[in-house]
1. In nanometres, what is the gap between the two model label sites at ALA83 and ARG63, each 7 Å from Cα along Cα-to-Cβ?
2. Filter the cross-link list LYS65/LYS88; LYS23/LYS65; LYS56/LYS78 down to pairs whose alpha-carbon distance in this structure exceeds 24 Å.
3. When only C-alpha pairs under 8 Å and at least 6 residues apart count, what is the relative contact order of region 37-89, in percent?
4. Between LYS26 and ARG55, how high is the FRET efficiency from 1/(1 + (r/R0)^6) when r is the Cβ-Cβ distance and R₀ = 30 Å? Nearest 0.05.
5. How large is the charge dipole for region 37-89, taken about the Cα centre, if only the Cβ atoms of Lys, Arg (+1) and Asp, Glu (-1) carry charge, to the nearest 20 debye?
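Only the coordinates and a few stated rules stand behind these numbers; no lab work does. Bear in mind that the values here come from a model prediction, so they are computed numbers and not experimental data. When we count neighbours, we look across all protein chains shown, and the Cβ atoms used for this are built from the backbone with ideal geometry, even at glycine.
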Amino acid sequence: MDTIEIEREVFDMLINRVDFLHKTVKALYDQLRDKKLSDWLNTQQTCDYLHISERKLRSMKERGKIGFSHLGRLSQFKGGDIAWLIVKEKGAV
């Protein structure tokens, strides 16, 4: 086994960075843990709300016009984002 020596200041900076990353990941985990499944829509629900075909939705995803997340092979869409698209399309924004 090899031994590596580093200065105390470098070690402290490394520990601080690891602590920062730990806090960031924990905060993100806490936000996601509190999400409700109803906050997310599947492909069919999204198409129904937007009155578009699955092909049009796929095209919007590919061009970056709509945000989504993957859950395995399934795409999930945030309900709030879809509501905003509907309002935007109606010209209210």
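1. Between ALA83 and ARG63, the label points sit 2.6 nm apart.
2. On the way: LYS65/LYS88 12 Å; LYS23/LYS65 32 Å; LYS56/LYS78 17 Å.
From LYS65/LYS88; LYS23/LYS65; LYS56/LYS78, over 24 Å: LYS23/LYS65.
3. Numbers: 46 pairs, mean separation 23.4, N = 53.
That works out to 44 percent.
4. Values: r = 40 Å, r/R0 = 1.34.
About 0.15, to the nearest 0.05.
5. With only Lys, Arg, Asp and Glu charged at Cβ, the dipole is about 260 debye.
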